[in-house]
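Data block below; observations after.
The values are calculated or read from the model by the stated rules, or taken from the named source; none is laboratory data. Bear in mind that the values here come from a model prediction, so they are computed numbers and not experimental data. Using ideal geometry, Cβ is built from the backbone for each residue, glycine included, and neighbour counts are taken over all protein chains shown. Just the protein is used for accessible areas: all its heavy atoms, side chains included, with ligands, DNA and RNA removed. Shrake-Rupley method; radii C 1.70, N 1.55, O 1.52, S 1.80 Å.
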Amino acid sequence: MKSVQFANVEEQYRKYAGELRASDVQKLREWVASQPHLPPVTELELILFLHSNYYDLEAAQRTIECYYSFRSSCKNLFGNRNLEASAIQTAMDVLDLSILPDLTPEGYRVMLAKIVDPDASKFSLSSILTFAIMCVDVQLWEEGCNNGSVLIIDMDGIHLGHLPKLGIFTLKDLLYFIQEGLPIRLKGLHLANVVPFIDRIMTMIRPFMKKELLEMFHLHTNMQTLYPHVPQQLLPIDYGGTAKLRKVLRDNLYNYTIQCGSFLTKYDMLKRVDESKRIAKQRTMGNLFGLF
């Protein structure tokens with residue numbers, strides 16, 4: 001088993017010199033210390049929260065609160081992060097997730113996801129997302145800050161049999177976590193090779209998408225209209241690019257995440273919110289979404 005090789009803190013300061021200030025990190029550290037319900041937060045994590053919020057201290061505080069509280073309470077996405085569980089093993093067979101090795105010209109990291117098993121009976125959205133977030137965790141901690149993140153979902157292979165498996169509550173949880181808790185600068189969300197019933201999917205998810213996310217959300221009937229956003233040469237060779245085959249990138253990511261499995265389990269146990277120590281009134285999922 002491997003331990004995650006966290007990004008070098010000093011390198012983060014050098015990379016974003018002039019914007020990332022140690023004094024702001026210290027202020028954020030002091031705020032965390034004043035919140036007894038929060039778990040310990042490392043300097044790298046503080047940097048990630050600050051950077052993802054463009055160095056806005058109050059926004060970083062909100063993201064920290066959401067990140068740890070949501071991970072502690074959301075069973076849909078964080079209830080069973082055991083890589084040996086049969087549901088997670090099946091998710092690995094159903095989903096191909098890869099992280100492209102090269103950045104876009106803007107310095108964005110790109111992830112490519114595709115459902116590769118058409119058998120809808122094997123499709124569990126919560127299990128797929130649980131595993132995908134574990135992969136993202138490792139990538140985020142090891143790479144550290146970057147200029148932005150882009151997600152491409154290749155919908156080729158998705159059919160009407162998958163539609164009933166798209167649980168509304170799981171989608172709501174995912175969109176909330178992406179928009180409020182994940183310490184990344186999301187720059188694009190692209191659905192390529194969209195299915196004919198995409199309007200039905202959009203009806204499900206649009207109520208949970210903020211204006212900012214809707215503005216970076218793009219639908220592509222094929223791959224061609226994606227290339228102005230993500231140059232084709234960055235994609236795997238089976239997409240006409242120069243990166244390794246999608247399956248090779250997928251295997252590399254999965255194998256490494258599996259090797260870090262014990263570390264991820266220990267992290268989850270350590271990074272939990274203790275609600276009995278919370279000073280402020282606990283926020284519910286309803287008022288977090290502004291639904292109640």
Under 5 Å from the placed amide H of I153, counting only residues 5+ away or on other chains, we find A113, H190, L191, A192
In a solvent-free Debye calculation with one equal scatterer on each Cα, what is log10 I(q)/I(0) for region 2-153 at q = 0.09, 0.11, 0.18 Å⁻¹, listed in the order of the q values?
-0.35, -0.51, -1.19
Whole-percent carbon and sulfur share, accessible surface of the chain, 1.4 Å
55 percent
As an exercise, take the mean of 1/r over every pair of distinct alpha carbons in the chain, invert it, and state the Kirkwood radius in angstroms.
20.0 Å
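How do I205, I258 stack up against each other in accessible area, from largest to smallest, with a 1.4 angstrom probe?
Working: I205 15, I258 65 Å².
I get I258, I205, largest accessible area first.
Under a point-charge model restricted to the Cβ atoms of Lys and Arg (+1) and Asp and Glu (-1), what is the dipole moment magnitude of the chain relative to its Cα centre, in debye to the nearest 20?
Working: 32 positive and 32 negative charges, 121 e Å.
About 580 debye.
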Can you work out ³J(HN,Hα) from phi for every residue in region 200-209, in order, using Karplus 6.51 cos²θ - 1.76 cosθ + 1.60 and θ = phi - 60°, giving whole Hz and x for Gly and Pro?
5, 5, 5, 4, 6, 9, 4, x, 9, 10
Pull up all non-local amide H partners of L186: gap of 5 or more, or a different chain, and H-to-H distance under 5 Å with H placed in the peptide plane.
S149
Distance histogram for region 86-259 (every C-alpha pair counted, 10 angstrom bins, percent rounded to whole numbers):
9, 39, 42, 10
Over the chain, calculate the relative contact order: mean separation of alpha carbon pairs under 8 Å at least 6 apart, over the residue count, as a percent.
25 percent
Between 0 and 90 degrees, rounded to the nearest ten: what's the tilt of helix 22-33 against the longest Cα principal axis of the chain?
80 degrees
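Compute the normalised compactness of region 176-262: alpha-carbon radius of gyration over 2.2 N^0.38 Å, N being the residue count.
Compactness ratio reported: 1.31.
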Output the relative contact order of region 12-93, whole-number percent, from Cα pairs under 8 angstrom with separation of 6+ residues.
22 percent
Rg/Rh for region 104-150 to two decimals, with Rh computed the Kirkwood way over all alpha-carbon pairs.
1.08
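Suppose only helical runs count, i.e. DSSP H with n ≥ 4. What mean residue ellipticity at 222 nm does that imply for the chain under -39500 (n - 2.57) per run, divided by all residues and rounded to the nearest 500 deg cm²/dmol? Intermediate values should be presented prior to the final figure.
On the way: 13 runs with 129 residues, N = 292.
Per the formula, -13000 deg cm²/dmol.
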Accessible area per residue, Å², region 86-259 with all protein chains present, probe 1.4 Å:
42 Å²
